[in-house]
1. Please list the radius of gyration and Dmax for segment 32-93, considering alpha-carbon atoms only, with Å as the unit.
2. Going Cα to Cα from residue 151, which lysines come in below 19 Å? Please leave out same-chain ones fewer than 8 positions away.
3. Please work out the Cα convex hull volume for segment 168-233 and give it in Å³ per residue.
4. So how much slack lies between residue 83 and residue 210, counting 0.36 nm per residue of separation and subtracting their Cα-Cα distance, in nm?
5. So in the chain, what percent of DSSP beta bridges are antiparallel if you round to the nearest 5?
6. With a Förster radius of 41 Å, plug the Cβ-Cβ distance of residue 174 and residue 282 into 1/(1 + (r/R0)^6) and report the FRET value to the nearest 0.05.
7. Provide the net charge surrounding residue 132, with neighbours chosen by a C-beta distance below 12 Å and charges set as Lys +1, Arg +1, Asp -1, Glu -1.
8. Show the residues, 5+ positions off or on another chain, whose built amide H is closer than 5 Å to the amide H of residue 7.
Amino acid sequence: MFAGVLTAIVTPFINGELDEESLRGLIEFQIAKGIDGIVPCGTTGESPTLSFDEYKRVVGITVEIARKRVPVVAGAGSNDTAKAVELTRCAKQIGVDATLQVTPYYNKPTPEGLYQHFKKVAEVGLPLVIYNVPGRTGINITPATAAHLSKIPEAAAIKEASGDIAQMAEISRLCGDRLTLLSGDDAMTLPVLSVGGKGVISVISNLLPDKMAEICRAWQAGDTAGALENHAGLLPLMRAMFMESNPIPIKTALMMKGLIKSAELRLPLCAMSETNREKLAQVLKEAGVL
């Protein structure tokens, strides 16, 4: 379930409401282009500003369209353990294959607090992907803590977005097959594969799922040179997706490409600046996307 490229799917909005038509079309596009999984309601899906009803609808549509052709790993994390449990139960009832659980933010739990948090969520009975993104949460899962968390039977993988490749290598060494290592940053995909990772939860794959999949498939086939060439070719686009806070650039790019109707975001996120829109359009043209 946790190998290759899983797309952290955007949540399209139009006039303040969920754009179900664009979401359905985008998911079908992903599957047709050979993606390995869909991750709704993560950071890229603007989960903090979704109502509970919208959350259920987004996850429900994703499960409905996926039809078990690819696994669905729904974001269900919170800094409130009880809320994370509630979201996870909801996702399980809808029929997801696993959930993505972000490290509790703001509270700054101790390593033991982290363990107890994920253990409680695991009691719902779904595989979970732990999401380490200290730049957003203010807390880092160290390799020692990751090794402790890997003892939870339902803890199946870790999405690592610390940016520290030495830390990722140590997590791979300590956890082995007990905790599948996934990159949480497109630009780190190839380095993570090289230290034992199995794939990536990707932003750029919203736009170019087949191109991202080629990187992982080349690596898995032992074609290191091919993986490097594909990764290098996408690197300018990967970087462009973080000109401003994710998912501002990827939604803008998807609208430019016509894959969603609107690049609408919810406050406190706002539309991309005109200067950066022009830069993004140039990068997309140079990459042959537009």
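1. When restricted to the Cα atoms of segment 32-93, Rg and Dmax are 11.7, 37 Å.
2. Within reach: 119, 120, 159.
3. 76
4. This chain segment gains 42.2 nm when fully extended.
5. Bridges in the chain are about 5 percent antiparallel.
6. It comes out at approximately 0.45.
7. Here the charged neighbours net out to -1.
8. When sequence neighbours closer than 5 places are left aside, the close amide H contacts are 36, 37, 38, 39, 202.
No value in this document is a laboratory result; all are computed from the given coordinates. Here the structure is a predicted model, which is why all the values come from computation and not from measurement. In this analysis, Cβ positions are derived from the backbone assuming ideal geometry, glycine residues included, and neighbour counts consider all displayed protein chains.
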